[in-house]
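Heads up: the structure comes next, in structure tokens.
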There are 2 protein chains.
Amino acid sequence: MAIKLNVEGMTCNHCKMAVTKALTELEGVSNVEVHLQEGTVDVDYDETKVNVEKLKEAIEDQGYDVK
Amino acid sequence: MAIKLNVEGMTCNHCKMAVTKALTELEGVSNVEVHLQEGTVDVDYDETKVNVEKLKEAIEDQGYDVK
């Protein structure tokens, strides 16, 4: 499963790393790509192991808003 | 000794933490305050132990430009 999330507030490479790390640490997430300029995050995940709500929570826990 | 440095590119709290940490780790630096919105960093330091060039280097090593 692949999803593109719109994430507000990611401004620099530290943000990129924080979001990437938080998502890749989730069971079932196989790939993460943060696009700073677009304000988006592409996530590949196994929907039998994780869901969109969990992805959003992981991002929000880092201090960013998911739209 | 106290100095206010103008630093470009600090955008978020991760930046603030990175700059604060890099400076406070320097021998002779006693206090650091990063002002994200102003793009400034206030540093209190002992000029017998460290100099402005070293402060600038520490910030630049984190990927920011000191003006």
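The values are calculated or read from the model by the stated rules, or taken from the named source; none is laboratory data. All figures in this text were calculated on a predicted structure; none of them were measured in a lab. All Cβ positions, even for glycine, are placed from backbone atoms using ideal geometry, and neighbour counts span all protein chains on display. Quick note on the areas: whole protein, heavy atoms, side chains included, nothing else; ligands and nucleic acids left out. Shrake-Rupley method; radii C 1.70, N 1.55, O 1.52, S 1.80 Å.
Numbers below:
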| item | result |
| --- | --- |
| Nearest 10 degrees, 0 to 90: helix A:13-24 Cα axis against chain A principal axis | 10 |
| Test item: B:7-14 mean partner chain Cβ contacts at 10 Å | 4 |
| Other-copy label distances relative to A:T24, 7 angstrom Cα-Cβ extension, nm | 2.8 |
| Size of charge dipole - the protein assembly as shown - debye, nearest 20, with Cβ of Lys, Arg +1 and Asp, Glu -1, no other charges | 100 |
| Out-of-range pairs (alpha-carbon distance over 20 Å; input A:K16/A:K49; A:K16/B:K4; A:K4/A:K54; A:K16/B:K56; A:K16/B:K54) | A:K16/A:K49; A:K16/B:K4; A:K16/B:K56; A:K16/B:K54 |
| Per residue solvent-accessible surface (Å²) - the protein assembly as shown, probe of 1.4 Å | 60 |
| Chain A, accessible surface, carbon-and-sulfur percent (1.4 angstrom probe) | 43 |
| Lys/Arg +1, Asp/Glu -1 at C-beta; chain B dipole; positive extreme among B:L26, B:V7, B:N51 | B:V7 |
| Equivalent ellipsoid semi-axes, the protein assembly as shown, via Cα gyration tensor eigenvalues times 5, rooted, Å | 38, 13, 11 |
| Helix B:52-61 axis, angle to chain B major axis (alpha carbon atoms, nearest 10°) | 40 |
| Whole-number percent relative contact order across segment B:17-67, with pairs defined as alpha carbons under 8 Å at least 6 apart | 34 |
| Computed magnitude of the charge dipole of segment B:2-66 (debye, nearest 20; Cβ of K, R +1, Cβ of D, E -1) | 160 |
| Overall form of chain B per C-alpha gyration tensor (a/c, 1.5; a/b vs b/c) | prolate |
| Cut-off under 5 Å, modelled amide H: who pairs with A:T40 long-range | A:V7, A:H35 |
| B/A buried area, accessible surface, summed, 1.4 Å probe, Å² | 400 |
